[in-house]
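Novice: Before I ask anything, let me first share the structure, which is written out below as structure tokens.
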Amino acid sequence: MALVTAGVLVLDCAEPEKLAEFYKELLEGELTDASANLVQIQGADGVRLAFRRDVNATPPSWPRPENSLQAHLEFLVEDLDEAERRVVGLGGRPIETRDAAGPYEERGYADPAGHSFTLRLNPTRAPKQG
């Protein structure tokens, strides 16, 4: 039997209920647990996130060096424009960044509490020929 049965990424924020609602809607998920200081959700694809109350939380300042990015979320999407409309409609905002290096088309955003995340185009894979 595995010692660790699941992993959960926890984001610190001043208002965990509001941030959990943002990600629950974005990931079309469900609330799985809530207490006074921690709210957990599970996305439709199984990803687990939790939001811990920290009344002194300050948003990361990425890409500026002070209070810089320490971790970020990345979500694969089929349509970047549609996903962006959903993020902005839920209260997220685009982050100005330089063109991303590498083979993937992606866009950076901040959630309502300032945590950064990336939407990356999920490349369609054609069936192997021959």
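The values are calculated or read from the model by the stated rules, or taken from the named source; none is laboratory data. On a predicted model such as this, the values are computed, not experimentally measured, just so you know. Ideal geometry is used to build each Cβ from the backbone, glycine not excepted, and the neighbour counts take in all protein chains shown. Please note that ligands, DNA and RNA were not included when accessible areas were found on the heavy atoms of the full protein model with its side chains. Shrake-Rupley method; radii C 1.70, N 1.55, O 1.52, S 1.80 Å.
Novice: Exactly one of these conditions fails for residue 30: (1) modelled with pLDDT of 95 or more; (2) closer than 18 Å to residue 93 by Cβ; (3) open to solvent by 80 Å² or more (accessible area, probe 1.4 Å). Give me its number.
Specialist: Unmet for residue 30, out of (1) modelled with pLDDT of 95 or more; (2) closer than 18 Å to residue 93 by Cβ; (3) open to solvent by 80 Å² or more (accessible area, probe 1.4 Å): (2).
Novice: If you take the residues in the stretch 108-118 that are of a type outside the set (Phe, Trp, Tyr) and modelled with pLDDT of 90 or more, which one is surrounded by the most Cβ atoms within 10 Å (Cβ to Cβ)?
Specialist: Looking at the filtered set, the residue picked out is 111.
Novice: Step by step: first the residues of the stretch 85-96, then only those that are touching a residue at least 24 places away in the same chain (Cβ under 8 Å) and touching a Gly at 6+ places or on another chain (Cβ under 9 Å), then the one that is least open to solvent (accessible area, probe 1.4 Å). Which residue is that?
Specialist: If we take residues in the stretch 85-96 being touching a residue at least 24 places away in the same chain (Cβ under 8 Å) and touching a Gly at 6+ places or on another chain (Cβ under 9 Å), then 95 is least open to solvent (accessible area, probe 1.4 Å).
Novice: Looking only at the stretch 62-100, which residues are more than 16 Å from the chain's Cα centre (by Cα) and at pLDDT below 85?
Specialist: Selection gives 63, 64, 65, 66, 67, 68, 96, 97, 98, 99, 100.
A quick yes/no check of all residues on (1) among the hydroxyl-bearing types (Ser, Thr, Tyr); (2) touching a helix residue (DSSP H, G or I) at 6+ places or on another chain (Cβ under 8 Å); (3) in a loop (DSSP other than H, G, I, E, B); (4) touching a residue at least 12 places away in the same chain (Cβ under 8 Å):
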position	(1), (2), (3), (4)
6	no, no, yes, yes
11	no, yes, no, yes
19	no, no, no, yes
22	no, no, no, yes
28	no, no, yes, yes
31	no, yes, no, no
46	no, no, yes, no
51	no, yes, no, yes
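Novice: Name the single residue, out of those in the stretch 39-51 being loosely packed, with under 15 Cβ neighbours inside 10 Å and at negative phi, that is modelled with the highest pLDDT. Don't jump to the end; show me each part of the working.
Specialist: To start, the set of residues in the stretch 39-51 that are loosely packed, with under 15 Cβ neighbours inside 10 Å comprises 44-46.
Subsequent filtering for residues that are at negative phi retains 44-45.
Details: 44: 92, 45: 89.
So, considering only residues that are loosely packed, with under 15 Cβ neighbours inside 10 Å and at negative phi, the one modelled with the highest pLDDT is 44.
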